[in-house]
1. Working out 0.36 nm times the residue gap between Arg125 and Thr150, then minus their Cα-Cα distance, what length gain in nm do you get to one decimal?
2. Quick one: accessible area per residue over the range 41-164, 1.4 Å probe, rounded to a whole number of Å²?
3. Ignoring ligands, DNA and RNA, what percent of the 1.4 Å accessible area of the range 93-189 is carbon and sulfur?
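The values are calculated or read from the model by the stated rules, or taken from the named source; none is laboratory data. What you are looking at is a predicted structure, and each value in this text was computed from that prediction instead of being measured. Accessible surface areas use protein heavy atoms only, side chains included; no ligands, DNA or RNA. Shrake-Rupley method; radii C 1.70, N 1.55, O 1.52, S 1.80 Å.
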Amino acid sequence: MKKFAIGCGVLVVLGLIVLVIVAIAGGSYNRLVNLSQKVDSSWAQVQNDYQRRADLIPNLVATVSGAANFEKSTLTEITEARASVGKVNIDTKAAPTDPAKLAAFDQAQSQLSSALSRLLVVVERYPDLKATANFTSLQAQLEGTENRITVSRRDFNDAMQAYDTAVKSFPTVFYAGAFGFHEKPYFTATAGSETPPKVQFNFDNTKPAAAPAKP
């Protein structure tokens, strides 16, 4: 009888331990689901803001191309950069799990950002174009969109950091993978982004004279 009571006590203790583990695991699972959904929601916002910028470009190019003697190479660069962004195959609704895909997407978007920055610098040489209401409106929308992109990228990184931290934290790290939750990449600063790009224009299409050869 005594042994039976001891056995029952052991079973009760084991049962309580199992219930505690299940409760902890269940709570961790629900938290990971919530954090993962926040990541995907933040990623969708990043995509929305980038798409907003892409939608502005055709009207911007059409407006600028109407200026006399405007640099066609600058417009071509923007058009090609926008097309390159469209060639990057990435899910717009779920955050990428492959660092290489996110890097390729980020690189394409950075090239487009650089092309747009150069366009705005070139426009400074065209006061008549700057004075048009259509271009002024497009420029304001573009600048506002760039600010939105910066904010959405920051929010995405914050959501991703919270998710990755949860996935790698104890004791979740031991069973997160079994539940299908794995560490994901986030945006990092582009190498050399702290240095502004050099902008050189040759409006008269003349080449600088070659330096005289040293004797």
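1. 6.2 nm
2. Value returned for the range 41-164: 51 Å² of accessible area per residue.
3. Carbon-and-sulfur percentage of accessible area, whole number: 55.
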